[in-house]
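**Q** The structure is given below, and queries will be raised subsequently.
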Amino acid sequence: MHHFSLSEIAGILDGTFYVPDELRDFRVALIATDSRQIQRESNALFFALKGPVNNGHKYIPELLEKGIRAFVISEKQQITADAAFILVENTTQALQKLAAFNRHLFSVPVIGITGSNGKTIVKEWLHDLLSEDFRVAKSPKSYNSQVGVPLSVLLMGSGHELGIFEAGISQPGEMKNLQPVIDPGIGIFTNIGDAHQEFFTSIEQKIGEKLLLFSNSKKLICRTDHPVLAEKAKAFCEQHSIEKFFWSTKNSTSVLFFEITKQMKSSTITAYFNNKTYDFIIPFTDESAIENACHCFAGLMALELDPANYLRRFAELRPVAMRLEIKQGINNCILINDFYNSDLNSLAIALSALKQQATGESQKKIIILSDIEQTGLPNDQLYTQVNRLLVEWKIDQVCAIGPEISKRKNLFSIPVQTSASAEEFEHGFVSHEFQSAAVLIKGARRFRFERISALLQQKAHQTVLEINLNALVNNLNIFRKSLKPSTKIMGMVKAFSYGSGDVEIARVLQYQKVDYLAVAVADEGVQLRNAGIVVPIVVMNPEQDSFQNIINYRLEPNIYSLELLEKFSESVAETGIRNFPVHIKIDTGMNRLGFKERDELDRLVEHLKKSDVLKIQSVFSHLAASDEEALDDFTRRQFQKFEETSAWLGNALQCSFERHILNSAGIERFPEKQYEMVRLGIGLYGISQLGLPLENIGTLKSTVSQVKKVNREETVGYNRKGKVNRESKVAIVPVGYADGLDRKLGNRSGFAFINNSKVPIIGNICMDMLMLDVTDLEVKSGDTVEFFGPHISISELAEKIGTIPYEILTGISQRVKRVYLQE
């Protein structure tokens, strides 16, 4: 980005400028929209964005305390005398306007990519193919939204020779905002599908909206094998005088025609263009990868490059990790893998994730970092900036890998261990040097850091539960939209966060500023405190033996009986503490825990009045049937009893407290009863009663150990239950009932998803393995198998065995490795 002064930015945005004299010529080094990613006293300009679930203006006081002194705002009341403020009508539009201005400072070629799928992969593969010859500015990860696109384009600077940016939309009217920001000379329309279709009246409308990105383009790359897309793209090109760079695998008369020959693990692609033939190999056989590779080849031709110089590079393309992975490492380390790209902006994002995962300021933070390529900066300047970033994020140690970063060891002010290559690092690796640390592995794809990750990863068997943390945040925000801004949220992380991993889920919820967390027992709360969780934690089932831990670790117990009240009061009184926060449980009809009879409540009030040892933080109850419409009359009687009892308590004690009764289903079905707080549990994990657009956060997957033939007269598994009526083929997979897969799913009751097909589980499920009937498929050892996830829902699985999604999630054994994915 051009280093604008605040005065220049105010002029570009046509904003009203409020600035102390000493900040008038302040030069901006960083544009930020997330207050959590700004370090103390950095030369940042914060755009206070307003969205459906959040308002960036409320974080300005926190940023002022950090020493941040430059803001773009739309709420005038935020202005103070000790900082610079640019007042605009709409901060998101202002961000887009600044990015568009930055874009047009540079005349280098820019490729814009849109479509339903493949945008990020095409962008990353084009970068991999071209980065040896061009200094490329590109979108970090999948930054393709109304905010992500301008942040990406603002990375473009005078040292870049090419820009590659992706743009996505979810509803009409959005692309017209992004077109002037990217303003691509070359466009790529990857494909069209059903994503976000609910916001468009037809597929034709969605194609038309996406095509607006290319209104000012010179060339458009598009596959013509989708007839509706081809027709709309052709008409658009003719209307806007755009050269049609269309290609096909079916129509040999197309401008660019591809023939595909698939081998076992690779595909040979033959391209026909201008009476010339080009052959190249990609290490993939799936249709989406083939399509993405063809788009990339077309991109080379549109740039008027000689494809012969790039054919060998196609064979070196690698899968693109769309999200960074968070795993358990050796020696009690936490491991964050982000080794598929390396640039300054993605480094800052990864460092933010490292801070989020670290258990506190005291945990050692280590980064394994490769050479950073194609930034457009001189190397001395680049690594000086890298050092500044690492110091700001309080990194303790750097393992620098690569010739360029190693040569500049003297530019770092923190301890640096250098290796010329990944192989040299592996050769000198000493495992005990990594103890109880948070380790970020960050590198360009060509350094192949996969083996370094394997060295540091805690060994576990092949079955894993992948947890998509971005989906968790999406689900949280969907529920937030249905709540009043003042309503607090208690995130339920009991039972190992419904099987998803309590510490990691709690860290995300804390980062997302959830007001409370709730655990089942004190030991779970202690674990969270030891992991650096500082938000209030409620213990739903406190036991007398845990009272001291509750007090020592600042946990807040659910008080549900007089006996518990008296014993906990005695324990707190012995410490001399006053006004210890507690939560009072009222039984309104569940007939489980809670105060129910009036004489119990009278004695509760009497006890609390005569002592200031305890303070009521909240009063709550539990709905028995919030998800059953047939029992709504009973649910309404619970609301009535809760309101009457909590009002009586408040009057009797002459105090105020928060009230909460709604669980996830209750939030969906009875939003008028949200009171001061709600408890969000299963909804966070992707289960909705009313069909909210929640995302599945968990995928249980494993790999095939062996494939074997079974003759018609043979059987499969224990007790010879797995019968076949023809010569068959079975795949053995290392997952069983000890991993949490219910035995009722055996004998063709349950299914798995492998190689784009559902296949039945054959025979009895064993303790540590099961068998799949893969007779009609090409399956080999090492293929990935899904048991629930994007292709088989948890609700579908629960229905198969007559249970509820809660049981499926919480039943996954802790021997199954959890892998956390985060963009």
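The values are calculated or read from the model by the stated rules, or taken from the named source; none is laboratory data. Quick caveat: nothing in here was measured; it's all calculated off a predicted structure. Positions of Cβ are backbone-derived with ideal geometry, glycine not excepted, and every protein chain shown enters the neighbour counts. In case anyone asks, the SASA skips ligands and DNA or RNA and just uses the protein heavy atoms, side chains included. Shrake-Rupley method; radii C 1.70, N 1.55, O 1.52, S 1.80 Å.
**Q** Just to be sure, is VAL398 open to solvent by 50 Å² or more (accessible area, probe 1.4 Å), under 14 Å from LEU347 (Cβ atoms), modelled with pLDDT of 90 or more and out of contact with any Lys or Arg (no Cβ under 6 Å at 6 or more places or on another chain)?
**A** No; evaluated as a whole, the condition is false for this residue.
**Q** Still on this structure, please answer the following. Looking at (1) open to solvent by 50 Å² or more (accessible area, probe 1.4 Å); (2) at pLDDT 90 or above, which is the one condition that is false for HIS432?
**A** Evaluating HIS432 over (1) open to solvent by 50 Å² or more (accessible area, probe 1.4 Å); (2) at pLDDT 90 or above leaves (2) as the failure.
**Q** State whether the residues of the range 517-539 include one that is β-branched (Val, Ile, Thr), crowded, with 18+ Cβ neighbours inside 10 Å and more than 25 Å from GLY594 (Cβ to Cβ).
**A** Yes, that holds for at least one residue.
**Q** Please verify whether the range 445-459 includes one or more residues that are outside any helix (DSSP H, G or I), open to solvent by less than 20 Å² (accessible area, probe 1.4 Å) and closer than 20 Å to ASP338 by Cα.
**A** Quick first cut of the range 445-459, residues outside any helix (DSSP H, G or I) only: 448-449, 457-459.
Now restrict to residues that are open to solvent by less than 20 Å² (accessible area, probe 1.4 Å): 449.
Then keep just the ones that are closer than 20 Å to ASP338 by Cα; that gives 449.
For the range 445-459, residues outside any helix (DSSP H, G or I), open to solvent by less than 20 Å² (accessible area, probe 1.4 Å) and closer than 20 Å to ASP338 by Cα: present.
**Q** Given the criterion more than 29 Å from ILE9 (Cα to Cα) and charged (D, E, K, R), identify the matching residue among LYS123, LYS97.
**A** LYS123
**Q** What about GLU600, is it more than 24 Å from LYS488 (Cβ to Cβ), touching a helix residue (DSSP H, G or I) at 6+ places or on another chain (Cβ under 7 Å) and not aliphatic (A, V, I, L, M)?
**A** It is true that GLU600 is more than 24 Å from LYS488 (Cβ to Cβ), touching a helix residue (DSSP H, G or I) at 6+ places or on another chain (Cβ under 7 Å) and not aliphatic (A, V, I, L, M).
**Q** Here's a follow-up. Could you tell me which of the residues GLN146, GLN179 is in contact with a helix residue (DSSP H, G or I) (Cβ under 8 Å, 6 or more places away or on another chain) and assigned to a helix (DSSP H, G or I)?
**A** The match here is GLN179.
**Q** Something else about it: I'm trying to understand the selection: among the residues of the range 536-573, which are of a type in the set (A, V, I, L, M) and in contact with a strand residue (DSSP E or B) (Cβ under 6 Å, 6 or more places away or on another chain)? Even if it seems obvious, please write down each step before you answer.
**A** Residues of the range 536-573 that are of a type in the set (A, V, I, L, M), as a first pass: 537-540, 550-551, 555, 559, 562, 564-565, 572-573.
ILE537, VAL538, VAL539, MET540, ILE550, LEU555, ILE559, LEU565, VAL572, listed by residue number.
**Q** Search the range 156-185 for residues that are among the basic types (Lys, Arg) and pair each with any residue that is open to solvent by 10 Å² or more (accessible area, probe 1.4 Å) when their beta-carbon atoms are under 6 Å apart and the residues are at least 6 apart or on different chains.
**A** LYS176/LEU212
**Q** Does at least one position in the range 281-296 carry a residue that is in a helix (DSSP H, G or I), more than 29 Å from the chain's Cα centre (by Cα) and not polar (S, T, N, Q)?
**A** Within the range 281-296, none of the residues are in a helix (DSSP H, G or I), more than 29 Å from the chain's Cα centre (by Cα) and not polar (S, T, N, Q).
**Q** State which residue is surrounded by the most Cβ atoms within 10 Å (Cβ to Cβ) when the search covers only the range 777-802 and only residues that are free of Cβ contacts under 8 Å to residues at least 12 places away in the same chain and of a type outside the set (A, V, I, L, M, F, W, C).
**A** Here the residue is GLU796.
**Q** If you don't mind, there's one more thing I want to ask. Which count do you get for residues in the range 64-110 that are assigned to a helix (DSSP H, G or I) and either free of Cβ contacts under 8 Å to residues at least 12 places away in the same chain or aliphatic (A, V, I, L, M) (or both)? Outline the logic, then answer.
**A** Going through the range 64-110, the residues assigned to a helix (DSSP H, G or I) turn out to be 64-66, 76-78, 91-103.
Applying the additional criterion that residues be either free of Cβ contacts under 8 Å to residues at least 12 places away in the same chain or aliphatic (A, V, I, L, M) (or both) yields 64-65, 76-77, 94-95, 98-100.
Final tally of qualifying residues: 9.
**Q** Among the numbered criteria (1) over 30 Å from ASN475 (Cα atoms); (2) of a type in the set (A, V, I, L, M); (3) outside any helix (DSSP H, G or I); (4) open to solvent by less than 60 Å² (accessible area, probe 1.4 Å), which one does ILE12 miss?
**A** The one condition ILE12 does not meet is (3).
**Q** Do the conditions hold for GLU672, that is, is it in contact with an Asp or Glu (Cβ under 6 Å, 6 or more places away or on another chain) and either of a type in the set (D, E, K, R) or surrounded by fewer than 16 Cβ atoms within 10 Å (Cβ to Cβ) (or both)?
**A** Against the criterion (in contact with an Asp or Glu (Cβ under 6 Å, 6 or more places away or on another chain) and either of a type in the set (D, E, K, R) or surrounded by fewer than 16 Cβ atoms within 10 Å (Cβ to Cβ) (or both)), GLU672 does not qualify.
**Q** In addition: Take the range 582-616 and flag every residue that is open to solvent by 50 Å² or more (accessible area, probe 1.4 Å) and within 19 Å of SER569 (Cα to Cα).
**A** Correct list: LEU593, GLU600, ASP602, ARG603, GLU606, LYS609, LYS610, ASP612, LYS615.
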